[in-house]
Amino acid sequence: MSIPGLSEWLDTPAGRYLIEWEQARLDSVLADVFGYNAVQLGLPEYALLRANRMPYRFQCADRGAVAVLALDDALPFASASLDLVVLPHVLEFARRPHQVLREVERVLVPEGSVVIAGLNPFSLWGLRRLAARKTGAVPWRGQYLSAPRVRDWLTLLGFETPGAQFGCYAPATSTEKWLERWRFMDRAGPRWWPVCGAVYVMHGIKRVQGARLIMPNWREKRATAKRLSAVTQRDIHAGKARNSQ
C-alpha cells in the first residue's frame, strides 16, 4: 500500500493537480457515508477521510506512522467489522488487486461502502503510461484498471456500483505553466469525452441478499369462500321449496 515514489510524485504539478481533484470528489462522496468505523488503505500522507463523520476513522498501510500496519491483501480486521474502506490508488499497484477487493468485501458490514480512486487507462495519462512504463517511474509503471473492469469485479463480489466520476482531462505536463494552459480541457472533457478523464472515483455498496417472505394469497381464499357461500345458499333455498310442496 505504501508505493515508493508516489508521495514524491504527488508533490509535482501533475501530482497536485490529481490529488486536489480526488480530494474534492472524496469529500463530496464520503460526507454522505455513515457508520462507526472507517479505514483508509494507503497514502497515509493525505487525510482523505477528513469529510467523513464516522466516530472512528484511521489509516492502514504496510509502513509509516499509521494506526494499523498490514498488507493490502491480508487485512487484520474481523469479518463484517468496518463500515467504510477507501482505496486511493491501491489496486493499480497491488500484487493481487482482486484479492484486495475480496478482503474489502470480507471486512465490510452489509450495506458497507468501498470508495476507490484509480488511474484510467483510457485517457491521455493512459497513453503517457504506454510511452513511459519501461522506465519504471511512478505513477506510469502501475497496472491501470479501467472503471468497467473494476465495476465488474465489484459486481461479482456482490457490490452495487451507482457509477463513477471522472476528472483531470488535461495531459500530465511537468510544469505548472503548461498545466494551466491545458486547463480548458477540464471544462470541455465532462461534455465531450466524459469517461476519458485521467482518474476516476467509484463508490461501491455491499449488498446482502435477504430471505423472501411469501405471504398467503388472501384474495383467492376470500373468493373461494364467497363461491362456496353462494352455492350453500342456493341449496338451502332449493330445500325450502321442496318442503313447501
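The values are calculated or read from the model by the stated rules, or taken from the named source; none is laboratory data. Everything numeric here is computed off the predicted structure, so don't read it as measured data. Reconstructed Cβ throughout: ideal geometry from the backbone, glycine too, with neighbour counts over all protein chains shown. These area figures cover heavy atoms from the full protein model, side chains too; ligands, DNA and RNA do not enter into them. Shrake-Rupley method; radii C 1.70, N 1.55, O 1.52, S 1.80 Å.
Data overview
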quantity: Answer from Arg102, Arg63 - the residue that is among the basic types (Lys, Arg), in contact (Cβ under 8 Å) with a residue 40 or more places away in the chain and assigned to a loop (DSSP other than H, G, I, E, B); calculated: Arg63
quantity: Ala78 aliphatic (A, V, I, L, M) and farther than 20 Å from Ala164 by Cα; calculated: yes
quantity: Residue count, region 42-56 (criterion: at pLDDT 95 or above and buried (at least 21 other Cβ atoms within 10 Å of the Cβ)); calculated: 3
quantity: Qualifying residue in region 148-156 (condition: under 20 Å from Glu22 (Cα atoms), assigned to a loop (DSSP other than H, G, I, E, B), open to solvent by less than 30 Å² (accessible area, probe 1.4 Å) and in contact (Cβ under 8 Å) with a residue 12 or more places away in the chain); calculated: no
quantity: Scope region 6-34; condition open to solvent by 30 Å² or more (accessible area, probe 1.4 Å), in contact (Cβ under 8 Å) with a residue 60 or more places away in the chain and assigned to a loop (DSSP other than H, G, I, E, B); matching residues; calculated: Thr12
quantity: Selected residue [under 21 Å from Gly15 (Cα atoms) and of a type in the set (Ser, Thr, Tyr)] from Thr161, Thr173; calculated: Thr173
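Yes/no matrix, rows are residues, columns are (1) in contact with a strand residue (DSSP E or B) (Cβ under 9 Å, 6 or more places away or on another chain); (2) at pLDDT 95 or above:
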residue: Val109; (1), (2): yes, yes
residue: Gly118; (1), (2): yes, yes
residue: Arg129; (1), (2): yes, no
residue: Ala137; (1), (2): no, no
residue: Ser146; (1), (2): yes, yes
residue: Asp152; (1), (2): no, yes
